[in-house]
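Trainee: I am attaching a structure below and will ask some questions about it afterwards.
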């Protein structure tokens with residue numbers, strides 16, 4: 001076996017090992033897209049209190065929760081879901097609402113694309129050079145939003161789940177869960193506003 | 001044969017000079033005196049650090065590793081200022097709350113990056129990047145005490161002959177130094193406006 005063919009077989013073994021190793025967890029992130037203006041608005045002042053990430057796969061919970069809290073508060077302010085939005089501390093008015101967020105699934109996974117191995121070998125790498133999908137990034141996120149009144153009485157609890165996946169090529173291999181995270185937060189807020197309006201918590 | 005050997009040695013030596021180095025632009029934040037004079041009665045401060053990255057006007061993920069690095073530099077600035085009796089995090093009970101928002105705005109040029117790689121680093125490429133820190137200080141009643149914004153830009157070069165500059169201008173350490181300085185500058189500006197003295201300690 002000459003050196004070139006030995007090299008080819010080593011490459012093949014590595015790719016086969018990759019394809020059978022399943023998937024890898026991607027490091028979590030916290031930033032959100034700029035919010036579009038909310039259609040349904042609740043004329044109330046709200047305070048963002050706790051943002052918890054209970055997903056056991058998130059290693060650095062404190063850092064993620066802290067940053068997520070800041071980004072969610074900005075997102076609510078930009079979207080104009082409520083008359084006024086701030087993060088605690090602050091003086092909670094009698095008619096104000098307090099929001100707690102909890103995320104129990106917050107991890108993205110990367111799987112090898114089933115065609116990437118045979119097509120990369122078959123085309124001697126041209127498949128990758130021309131931007132063929134080499135992996136799939138999958139987000140399965142879920143979260144809950146708990147709304148309390150100024151006396152810490154729970155008014156409502158809404159939940160949402162988002163499943164999103166997108167192809168990854170050689171040219172866009174940086175992981176991103178921006179779309180999925182933003183959709184999840186947006187859905188939680190929309191559901192929360194609708195729920196509160198339907199139950200006449202306006203005043 | 002001898003020429004080929006010589007050429008390959010030159011190529012190897014040239015490739016060894018390849019590197020990536022980051023340089024701070026002029027107009028960096030001025031630091032009048034560090035640490036500043038400490039007050040007799042010190043307040044506690046709780047920091048909430050959040051961040052985002054924007055490349056060519058498109059948002060990108062900032063993973064937990066980078067967030068942690070950024071947070072460490074923010075905490076280091078507040079701890080070494082000597083102005084606070086304790087530096088806490090997030091929602092912990094405190095006299096002052098600082099909401100620190102970090103934005104990393106970069107303008108990478110994919111075509112130039114490709115050209116650099118394609119020409120074996122003969123043609124260098126540059127990435128322009130600005131770090132922006134917006135800090136809002138609040139008291140324990142949620143009343144805004146002050147708001148400070150600081151920006152500094154850096155340029156990262158990749159190409160031949162850049163390797164020696166990596167020892168003093170490593171892309172791993174320069175942005176951390178910038179972040180530390182921007183936070184120190186924010187603290188000094190807020191302190192000069194008596195932001196940290198205006199808190200009534202012990203009030204609900």
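Trainee: Under the Kirkwood approximation for Rh and a Cα-based Rg, what ratio Rg/Rh is obtained for chain B?
Mentor: 1.13
Trainee: What do you get for the angle between helix B:64-81 and the principal long axis of chain B? Use alpha-carbon atoms, 0 to 90 degrees, nearest ten.
Mentor: 50
Trainee: For the range A:143-203 and the range B:116-179, what is the separation of their Cα centres, given in Å?
Mentor: Value for the Cα centre distance between the two parts: 33 Å.
Trainee: Any chance you could tell me what percent of the C-alpha pair distances in chain A go past 30 Å?
Mentor: Roughly 37 percent, rounded to a whole number.
Trainee: Oh, and also: Rank the residues A:48, B:40, A:24 as a footprinting-exposure proxy: fewest other Cβ atoms within 10 Å of their Cβ go first.
Mentor: Ascending Cβ contact count within 10 Å gives the list B:40, A:24, A:48.
Trainee: For chain B, take the longest principal axis of its alpha carbons; what is the angle in degrees between that and the long axis of helix B:174-192, to the nearest 10 within 0 to 90?
Mentor: 20
Trainee: What does the structure give for B:135-143 when I average, per residue, the other chain Cβ atoms found within 10 Å of the residue Cβ?
Mentor: 3
Trainee: Sort B:3-15, B:141-153 by the packing proxy (mean of other Cβ within 10 Å over each peptide's residues), most packed first.
Mentor: My ranking of the peptides, most packed first, is B:141-153, B:3-15.
Trainee: Further, regarding this structure: Counting each DSSP H run of 4 or more residues in the protein assembly as shown as -39500 (n - 2.57), what helix-only mean residue ellipticity at 222 nm follows after dividing by all residues, to the nearest 500 deg cm²/dmol?
Mentor: Calculated from helices alone, the mean residue ellipticity at 222 nm is -10500 deg cm²/dmol.
Trainee: Which order do the peptides B:177-190, B:67-80, A:88-101 take when ranked by the mean count of other beta-carbon atoms within 10 Å per residue, highest first?
Mentor: By packing density, highest mean first, the sequence is B:177-190, B:67-80, A:88-101.
Trainee: Among the DSSP beta bridges whose two residues both lie in chain A, what percent are antiparallel, rounded to the nearest 5?
Mentor: 75
Trainee: Would the protein assembly as shown count as rounded, prolate or oblate if I go by the C-alpha gyration tensor, calling it rounded below 1.5 in a/c and otherwise prolate when a/b exceeds b/c, oblate otherwise?
Mentor: oblate
Trainee: Going by alpha carbons, how many degrees (0 to 90, nearest 10) lie between the helix axis of A:61-79 and the longest principal axis of chain A?
Mentor: The answer is roughly 60 degrees.
Trainee: Hey, any idea what the orientation-averaged projected area of the convex hull of the range B:6-48's Cα atoms comes to, in nm²?
Mentor: It is 7.3 nm².
Trainee: Right, here's the next one. Using 10 Å bins from zero, what percent of all Cα-Cα pairs in the range A:96-152 falls into each bin?
Mentor: For the range A:96-152, the pair-distance distribution reads 20, 25, 18, 15, 12, 9, 2.
Every number in this text was worked out from the coordinates using simple rules, so none of it is lab data. Please read all numbers here as calculations on a predicted model, not as lab measurements. Every residue, glycine among them, receives a Cβ derived from its backbone with ideal geometry; neighbour counts consider all protein chains shown.
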